[in-house]
1. Does the stretch 129-208 come out rounded, prolate or oblate by the C-alpha gyration tensor, with a ≥ b ≥ c the root eigenvalues, rounded set by a/c under 1.5 and, if not, prolate when a/b is larger than b/c and oblate if not?
2. How much length is gained on full extension from S62 to D274, taking 0.36 nm per residue of separation minus their Cα-Cα distance?
3. List the residues whose amide H sits under 5 Å from the amide H of L69, counting only those 5 or more places along or on another chain, with H placed 1.01 Å from N in the peptide plane.
4. Rounded, prolate or oblate: which fits the stretch 235-290, taking a ≥ b ≥ c as square roots of the Cα gyration tensor eigenvalues, rounded meaning a/c under 1.5, else prolate when a/b beats b/c?
5. Figure the gain on full extension for K118 and N53 (residue separation times 0.36 nm, minus the Cα-Cα span) and round it to one decimal in nm.
6. Whose amide H sits under 5 Å from the amide H of T122, counting only residues 5 or more places off or on another chain, with H placed in the peptide plane?
7. From the backbone phi of the stretch 271-276, what are the Karplus-calculated ³J(HN,Hα) couplings (6.51 cos²θ - 1.76 cosθ + 1.60, θ = phi - 60°) in whole Hz, Gly and Pro given as x?
8. Just check the stretch 88-189 against the gyration tensor rule for me: Cα atoms, a ≥ b ≥ c as the square roots of the eigenvalues, rounded for a/c under 1.5, and otherwise prolate or oblate depending on whether a/b exceeds b/c.
Amino acid sequence: MKPRSEYITQIKANVSIYATKKTSNVLDGTYPSVFHGRSLNFEDLREYVPGDNIRDIDWKSSGRAGTILVKRYIADKKHSIMLVLDTGDKMTGDTAAFVPKREIALRTAGTIGYLAYKNGDTVGSLYNRDGLIKLNPFKTGIPNLERIIAEYDRDIGIGKKNKIENALDFIINNFKKRMIIFVVTDMEGVASISEPCIKRLMTRHDLLFVNISDLGLTGNKVYDIDGRSYVPNFISSNKKLLKYEQEKREGILASNARKLLKYGVSSVTIEKEDEIVTKIIELLESHRYANIR
């Protein structure tokens, strides 16, 4: 387990590097204005850069200025951000990019938490630790994020078949306050969450999904988590098995996508570290415009 401060230090650096790019507005408008039910105040105008959504263009002001301008907003209330994190043996495997899933899950959760902290929001976390619900209550500050990441790092691989829906049911049964829920899971986790659970959560909360990708059964150096050994080459290189697995995987992913789309839930898939910030911004933007009411 890495020192808890190491993740946050690296996350700060990654967000800072991304924020210097001209195509990013995550720290000057995107994050504070994505969630429905918010109260927004117009702040100012800035020049359009590639990547901005055309719905934010102020056409009248652009005509007067002779250049394309977009509106920036600020939220006049803060949010409660709940990180619902998947756990168990399956989170100790690799992504499709041959990167440990636990590393991507930890850094994804940390990045979301850090962006929330920068906005002044409170952050909590919730996960199933081998059948027991582990809750970190809503707090603000870097020490809170470090504690959340350190405990998740310690517990992420504990348990065989932890059900992430149990953590979501805990929210349904125990929280009345409105919150923004980021579910960090994988393909199997999304598939295991029932539609009634999603529907009940969506009646009160904002709900967003991050899918950490999975390495397939076929290919080079495939490790079997359950068997604690590498898959023999005659199995991992079998073309018929490859075709069957691809069809099976595509079917599950398509079913997951239909289920989330049915209830207007935005989601992204992350494979490696250098796309985490980009994918989170994509997720926020998708949620922002999918839930205009």
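Every number in this text was worked out from the coordinates using simple rules, so none of it is lab data. Please read these numbers as outputs of a predicted model, since none were measured by experiment.
1. Because a/c hits 1.5 or more and a/b fails to exceed b/c, the stretch 129-208 counts as oblate.
2. 72.9 nm
3. HN-HN under 5 Å from L69: Y48, D58, S62.
4. In terms of gyration-tensor shape, oblate.
5. Answer, rounded to one decimal: 21.2 nm.
6. Placed amide hydrogens put H79, I81 under 5 Å from T122.
7. 3J(HN,Hα) across the stretch 271-276, in whole Hz: 10, 8, 5, 6, 10, 4.
8. oblate
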